[in-house]
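The values are calculated or read from the model by the stated rules, or taken from the named source; none is laboratory data. As the structure is a computational prediction, the values presented were derived from the model and not from experiment. Quick reminder, even Gly has a Cβ in these numbers, built from the backbone with ideal geometry, and neighbours come from all protein chains shown. The accessibility values were calculated without ligands, DNA or RNA, using every heavy atom of the protein model including side chains. Shrake-Rupley method; radii C 1.70, N 1.55, O 1.52, S 1.80 Å.
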Amino acid sequence: MRSGKTVAARAALGALDASRHTTIYMGAPGVGLRGMYAAITSALGGVPRFHAASLIPQTQDLLAAETAERGKKVIVVVDEAHLVDAGTLEGLRCLSNAGMDAVAPFCLILLGQPTLRRRLRLGAFAALDQRVGLRYAMTGLDGPETGSYIAHHLKLSGFSELA
């Protein structure tokens with residue numbers, strides 16, 4: 001039974017027009033910055049270059065091409081973002097810095113536990129925190145909502161006599 005942040009993000013992203021949006025989902029944030037750049041490059045149809053010095057501009061070029069040539073907005077979703085190391089967060093911020101902030105090459109969605117919000121407010125992440133256009137925190141269910149939710153799912157599973 002799943003009903004958390006990932007499911008909510010999947011539902012929201014699933015409602016987008018696929019002809020206008022390219023979604024790149026990162027479910028394993030432990031791959032580090034190079035791994036994230038490589039995953040973005042691969043998702044955009046490229047073969048990631050070996051050296052980071054050439055992978056970074058390759059990723060930037062592919063992001064720009066997705067918008068300029070295909071007319072699509074790229075959405076990068078990093079799940080479990082509270083586990084992402086500081087260097088990777090800074091690298092993602094720098095990736096969004098294309099064109100001297102004249103354009104936003106992609107929309108970054110960071111899904112994480114409440115510790116992520118606290119981390120982003122630290123001075124080291126001030127530049128990334130300033131780019132956050134929207135923050136949303138999901139609240140938990142209260143007692144009656146929890147009971148209703150459990151009863152509904154028990155009924156769906158065939159255990160309605162327990163509900």
- Subset of segment 19-36, residues of a type in the set (S, T, N, Q) and either over 14 Å from the mean Cα position of the chain (by Cα) or at pLDDT below 85 (or both), comes to Ser19
- Those residues that are under 15 Å from Leu92 (Cα atoms) and of a type outside the set (A, V, I, L, M), I need them from segment 41-60; list them, please. Thr41, Pro57, Gln58, Thr59, Gln60
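Results for (1) surrounded by 14 or more Cβ atoms within 10 Å (Cβ to Cβ); (2) within 21 Å of Gln58 (Cβ to Cβ); (3) at pLDDT below 85, shown as yes or no for each residue.
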| residue | (1), (2), (3) |
| --- | --- |
| Asp85 | no, no, no |
| Arg93 | yes, yes, yes |
| Ala102 | no, yes, yes |
| Thr115 | no, no, yes |
| Arg119 | yes, no, yes |
| Ala124 | no, no, yes |
| Asp129 | yes, no, yes |
| Tyr136 | no, no, yes |
| Glu145 | no, no, yes |
- If you take just the strands (runs of 3 or more DSSP E) that sit entirely in segment 1-113, which of them hold at least 2 residues that are more than 21 Å from Asp129 (Cβ to Cβ)? 21-26, 73-78
- Query: Restricted to segment 2-18, and to residues that are charged (D, E, K, R) and open to solvent by 70 Å² or more (accessible area, probe 1.4 Å), which residue is modelled with the highest pLDDT?
  - Reply: Asp17
- Message: Can you report the number of residues in segment 19-39 which are open to solvent by less than 70 Å² (accessible area, probe 1.4 Å) and over 13 Å from Ala81 (Cβ atoms)?
- Response: 10
- Message: What pairs come out if I take residues in segment 91-118 that are over 15 Å from Val74 (Cβ atoms) and pair them with residues that are at pLDDT 85 or above and assigned to a loop (DSSP other than H, G, I, E, B) whose C-beta lies under 6 Å away, six or more apart or interchain?
- Response: Leu111/Asp79
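Would you mind finding the one in Gly32, Gly45, Gly4, Gly14 that is out of contact with any Leu (no Cβ under 7 Å at 6 or more places or on another chain), touching a residue at least 12 places away in the same chain (Cβ under 8 Å) and within 30 Å of Leu141 (Cβ to Cβ)? If you could, list the steps in order and put the result at the bottom.
Details: Gly32 fails: within 30 Å of Leu141 (Cβ to Cβ); Gly45 fails: within 30 Å of Leu141 (Cβ to Cβ); Gly14 fails: touching a residue at least 12 places away in the same chain (Cβ under 8 Å).
Only one candidate qualifies: Gly4.
Any idea which residue in segment 41-67 is farthest from Arg10 (Cα to Cα), counting only those that are of a type in the set (A, V, I, L, M) and loosely packed, with under 11 Cβ neighbours inside 10 Å? I'd like the intermediate steps shown before the answer.
At the first step, the residues of segment 41-67 found to be of a type in the set (A, V, I, L, M) are 43-44, 47, 52-53, 55-56, 62-65.
Next, only the ones that are loosely packed, with under 11 Cβ neighbours inside 10 Å stay: 47, 53.
On the way: Val47: 26, Ala53: 33 Å.
If we take residues in segment 41-67 being of a type in the set (A, V, I, L, M) and loosely packed, with under 11 Cβ neighbours inside 10 Å, then Ala53 is farthest from Arg10 (Cα to Cα).
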